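Trainee: Handing you this structure, nothing more for now.
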Amino acid sequence: MPFAARSPYEDTSQRRQVARHTRNADLRTLDPDLHDLSPVRATTLLSVIIPTLNERDNIAPLLELLTAALPFASWEVIFVDDDSRDGTADCVRAAARRDPRVRCVQRIGRRGLATACMEGVLSSAAPYVAVMDADLQHDERLLPQMLALLDSGAAELVIGSRYVDGGGVGDWKRGRARISKFATRLAGAICKTDVADPMSGFFMCRREVFERAIRRMSGQGFKILLDLLASSPTPVRIVELPYVFRQRQYGESKLDILVAWEYGMLLADKLFGGVVPIRFVLFALIGGVGLVVNLAVLWAGLNLLGFRFAVSQAVATMVAMTSNFFLNNQLTYRDLRLRGRNLLRGLMVFYLICGFGAIANVGVASYVFAGDRVWWLAGIAGAVIGAVWNFAMSSVFTWKRR
């Protein structure tokens with residue numbers, strides 16, 4: 001007797017019911033109190049966001065420390081990796097295959113600790129989020145106490161602080177300690193709350209604190225807490241817990257002169273970014289440096305090398321544009337800086353954009369001069385138009401987000 005035809009939808013529905021019944025039965029076997037899969041039971045309570053760049057050797061010991069510090073099961077750790085070349089992302093994914101609480105977000109074509117933390121928070125649904133470094137210098141044993149303060153309503157944000165009683169910077173050299181304290185004092189210019197350690201990279205907050213501020217945050221530099229505090233539309237209730245900063249065990253420190261530059265960009269953005277975009281200010285300043293380079297090369301070509309004016313000016317223009325490109329790539333667009341073949345492609349595009357900018361500069365200046373006959377006003381008008389054109393087009397075509 002032939003079998004009766006059955007709808008594929010009926011089969012699918014039955015398979016889903018069987019799978020759901022089996023899954024719930026397995027969970028009840030593990031825990032008799034789990035009578036159903038309620039949303040409260042399934043929700044992750046805490047997400048720990050850890051930005052990484054070449055931190056492979058720190059991943060395994062850090063996971064061991066987190067597991068020991070957080071004995072309850074409803075937490076996860078999200079590593080946001082800026083395309084490390086040492087295999088950090090692969091190491092995290094290997095750990096994730098063993099432990100579902102471990103997640104990896106790998107970013108391609110962009111860098112920056114602040115934006116990495118922001119993306120990590122946005123990839124999470126937990127009501128509480130913590131941020132800490134991967135270098136084992138933060139004291140993970142504070143995490144349960146931080147969570148308890150938030151859950152009780154005693155605070156909206158809890159900071160691991162080096163500058164309250166009981167805290168410290170460990171074995172820092174005197175020079176680094178002085179620089180840190182000076183930077184902390186500068187942070188007071190933009191920080192809306194009285195905090196002893198606004199430069200801390202170790203904190204936990206309620207999710208809504210981040211969500212209220214995130215659209216105002218600049219994402220500049222590496223001091224995500226300071227950006228968060230300066231961008232919050234309302235005062236945040238804060239508790240600071242002391243901890244002693246540890247020494248790095250593996251890998252290399254990311255602190256250098258360009259990190260200080262990024263910090264300066266963050267301060268400038270919060271102080272003046274509402275009036276003029278800080279990227280444009282930096283782009284214009286580097287343009288001024290390019291003018292000095294242009295004049296210096298032009299003088300050398302005429303007086304030292306004996307070139308004709310047209311040749312000297314052409315060489316000077318190319319040298320100035322090239323220096324502007326590399327300075328902007330390293331400073332203005334540091335979070336989007338180009339490398340390898342993209343660097344060469346970006347340079348060619350930059351040459352093309354600046355060529356059209358020069359045409360716009362001359363055209364506007366000539367038009368203004370023909371009307372008013374004021375040479376300096378015409379020159380300024382042309383320079384402004386050229387700078388705006390170069391900045392706008394470079395942001396779209398040269399250093400575009402990939």
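The values are calculated or read from the model by the stated rules, or taken from the named source; none is laboratory data. What you see is a predicted model, and the numbers here were worked out from it, not measured in a lab. Virtual Cβ from ideal backbone geometry, glycine too; neighbours counted across all protein chains shown. Note: areas computed on protein heavy atoms with side chains; ligands, DNA, RNA excluded. Shrake-Rupley method; radii C 1.70, N 1.55, O 1.52, S 1.80 Å.
Trainee: How big is the dipole moment of the range 270-402 about its Cα centre under a simple scheme where the beta carbon of each Lys and Arg is +1, that of each Asp and Glu is -1, and everything else is neutral? Debye, nearest 20, please. Working shown, then result.
Mentor: Working: 12 positive and 2 negative charges, 133 e Å.
Dipole about the Cα centre, nearest 20: 640 debye.
Trainee: Not counting ligands, DNA or RNA, and with a 1.4 Å probe, what is Phe397's accessible surface area in Å² rounded to the nearest 10?
Mentor: 110 Å²
Trainee: While we're looking at this one, here's another question. Once the principal axes of the Cα atoms of the range 327-369 are found, what is the range along each, listed largest first in whole angstroms?
Mentor: Principal-axis extents of the range 327-369 (Cα, largest first): 42, 18, 11 Å.
Trainee: While we're looking at this one, here's another question. Which of the peptides 356-367, 194-205, 106-117 is most tightly packed, and how do the rest follow, going by the mean number of other Cβ atoms within 10 Å of each residue? Write out the running numbers ahead of the final one.
Mentor: Values: 356-367: 16.0, 194-205: 22.4, 106-117: 19.2.
Most protected by this proxy first, the peptides run 194-205, 106-117, 356-367.
Trainee: Convex hull over the alpha-carbon atoms of the range 296-343: what's its volume per residue in Å³?
Mentor: On the way: hull volume 3.9 nm³, N = 48.
Spelled out: Cα convex hull of the range 296-343, divided by residues, is 81 Å³.
Trainee: When the Debye formula is applied to the Cα atoms of the range 265-337, each taken as the same point scatterer, what base-10 log of I(q)/I(0) results at q = 0.11, 0.17 Å⁻¹?
Mentor: -0.37, -0.67
Trainee: Could you tell me the convex hull volume per residue, in Å³, taken over the Cα atoms of the range 56-170? Please report the intermediate quantities before stating the final value.
Mentor: Values: hull volume 14.7 nm³, N = 115.
Hull volume normalised by residue count: 128 Å³.
Trainee: Now, a different point. As I understand it, the dipole of the range 89-144 uses +1 on the Cβ of Lys and Arg and -1 on the Cβ of Asp and Glu, about the Cα centre. Which of Met118, Ala89, Val131 lies farthest toward its positive end?
Mentor: Result: Ala89, furthest along the dipole toward the positive end.
Trainee: Mind ranking Lys173, Lys400, Lys223 by accessible surface for me, highest first, 1.4 Å probe? Before the final figure, lay out the partial values.
Mentor: Details: Lys173 165, Lys400 95, Lys223 30 Å².
Ranking Lys173, Lys400, Lys223 by accessible area, largest first, yields Lys173, Lys400, Lys223.
Trainee: Please compute the modelled spin-label separation between Thr44 and Ala73, points set 7 Å along Cα→Cβ, answer in nm with one decimal.
Mentor: 1.6 nm
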